[in-house]
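A.B. asks: Below is one structure. I have some questions about it.
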Amino acid sequence: MIKATPIKNYKLVIFDWDGTVMDSVSKIVNCIRQSALSLNITPPTDDAIKNIIGLSLERAIDVLFPEQIEQHNALVEGYKHQYRIDMTPTPVFDGVADVLSALQEQGIILAVATGKGRDGLERLLDQSQLRQFFSATRTSDDAQSKPSPDMLYQLLQELGVSADDAVMIGDTKIDMAMGKAANMDRIGVTMGVHNAQQLSELTPVATVDNYQQLQQILLS
């Protein structure tokens, strides 16, 4: 545990997906690069790509390729194609299922707010065998792109929980900014894109290195 302040008993825990539940950052970076190369476009740096993870795919392409506006649609479709054929492993992080189960057993509601599209999330919920844990999900197809708090507002309304009783968990400053915009507590995880110092810029109530630490914070 890197940084923590006293944590309250949350009724709702909302998880980002990429870099938070699933170790998929390397695959995303590779697919963006390959999409660009397939169109003879020089790809951005790996760090630049990592910094857009969490945005909707369309918004991410806008940010990464501002000079290639006429090729944005091709870059989006190229990414989707690469994601289907790329063989980079994307396991869930160690301890995810155990922690989700422990939270659920305590009556805590679980949800997902992700920059992924709906089709992609639905496929991965099944592949990861984690669907059973989540009462509601929001994707970039359902709401405004992060860091807009729209996904969080929709989840709070659907699940009947106030922002004061919920927490957003994510690996990027984009996730933290979304939580902050919704006046919701946030917990940073360092397994994905950003490190503890970067996450601390958005004042999370805690920052953790793994799911065991997360469980200690949420269920202590």
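A.B. asks: Rank-order 69-79, 209-219, 190-200 by packing density, defined as the average count of other C-beta atoms within 10 Å over each peptide's residues, highest first.
C.D. replies: 190-200, 209-219, 69-79
A.B. asks: Something else about it: What relative contact order, as a whole-number percentage, does the chain give when Cα pairs under 8 Å and 6 or more residues apart are counted?
C.D. replies: Across the chain, relative contact order equals 29 percent.
A.B. asks: At a 10 angstrom cut-off on C-beta neighbours, averaged per residue, how do the peptides 101-113, 80-92, 48-60 rank from highest to lowest?
C.D. replies: 48-60, 101-113, 80-92
A.B. asks: If one takes the longest principal axis of the Cα atoms in the chain, at what angle in degrees, from 0 to 90 and to the nearest 10, does the Cα axis of helix 96-105 lie?
C.D. replies: For 96-105 against the chain, the angle is about 40 degrees.
A.B. asks: Tell me, what HN-Hα J-couplings in whole Hz come from the Karplus equation 6.51 cos²θ - 1.76 cosθ + 1.60 at θ = phi - 60° for each residue of the range 176-185, using x for Gly and Pro?
C.D. replies: So the Karplus estimates, Gly and Pro as x, are 5, 5, 4, x, 5, 5, 8, 6, 10, 4 Hz.
A.B. asks: Per-residue counts of other Cβ atoms within 10 Å, averaged by peptide: what ranking do you get for 134-146, 160-172, 14-26, highest first?
C.D. replies: Ranked by mean Cβ neighbours within 10 Å, highest first: 14-26, 160-172, 134-146.
A.B. asks: Please figure out what share of the DSSP beta bridges in the chain is antiparallel and state it in percent, rounded to the nearest 5.
C.D. replies: Here the share of antiparallel DSSP bridges comes out near 15 percent.
A.B. asks: Considering only protein heavy atoms and a probe of 1.4 Å, how much of the accessible area of the chain is carbon and sulfur, as a whole percent?
C.D. replies: 45
A.B. asks: List, in order, the whole-Hz ³J(HN,Hα) value for each residue of the range 154-164 obtained from phi through the Karplus relation with A = 6.51, B = -1.76, C = 1.60 and θ = phi - 60°; use x for Gly and Pro.
C.D. replies: Those phi angles translate into 5, 5, 4, 5, 4, 8, x, 10, 7, 4, 5 Hz.
A.B. asks: Quick query: amide H of A136 versus all other amide H atoms, modeled in the peptide plane; which residues come in under 5 Å with a sequence gap of 5 or more or a different chain?
C.D. replies: HN-HN under 5 Å from A136: V112.
A.B. asks: Let me spell out the model: positive unit charges on the Cβ of Lys and Arg, negative unit charges on the Cβ of Asp and Glu, origin at the Cα centre of the range 23-137. What dipole size does that give, in debye rounded to 20?
C.D. replies: About 160 debye.
A.B. asks: Residue-wise, which Karplus ³J(HN,Hα) couplings in Hz belong to the range 83-92, taking 6.51 cos²θ - 1.76 cosθ + 1.60, θ = phi - 60°, and x for glycine or proline?
C.D. replies: These are the phi-based 3J(HN,Hα) values: 5, 6, 9, 5, 9, 4, x, 9, x, 6 Hz.
A.B. asks: Follow-up. What aspartates and glutamates does K116 reach when the alpha-carbon gap must be under 16 Å and sequence neighbours fewer than 8 apart in one chain are set aside?
C.D. replies: By straight Cα distance, K116 reaches D16, D18, D23, E58, D62, E77, D126, D141, D142, D150, D171, D175.
A.B. asks: Give me the dipole magnitude in Debye, nearest 20, for the chain about the Cα centre, with unit charges on the beta carbon: positive for Lys and Arg, negative for Asp and Glu.
C.D. replies: Once rounded to the nearest 20, the dipole reads 160 debye.
A.B. asks: Could I ask something else about it? Assuming 0.36 nm per residue, please report the length gained on full extension of the stretch H81 to E67 beyond their Cα-Cα distance.
C.D. replies: 2.8 nm
A.B. asks: Tell me, what is the per residue accessible area of the chain in Å², probe radius 1.4 Å?
C.D. replies: Heavy-atom accessible area per residue stands at 45 Å².
The values are calculated or read from the model by the stated rules, or taken from the named source; none is laboratory data. None of the values given here were measured: they were computed from a predicted structure. Glycine also receives a Cβ, built like all others from the backbone with ideal geometry; neighbour counts cover every protein chain displayed. SASA here: full protein model, heavy atoms, side chains in, ligands and nucleic acids out. Shrake-Rupley method; radii C 1.70, N 1.55, O 1.52, S 1.80 Å.
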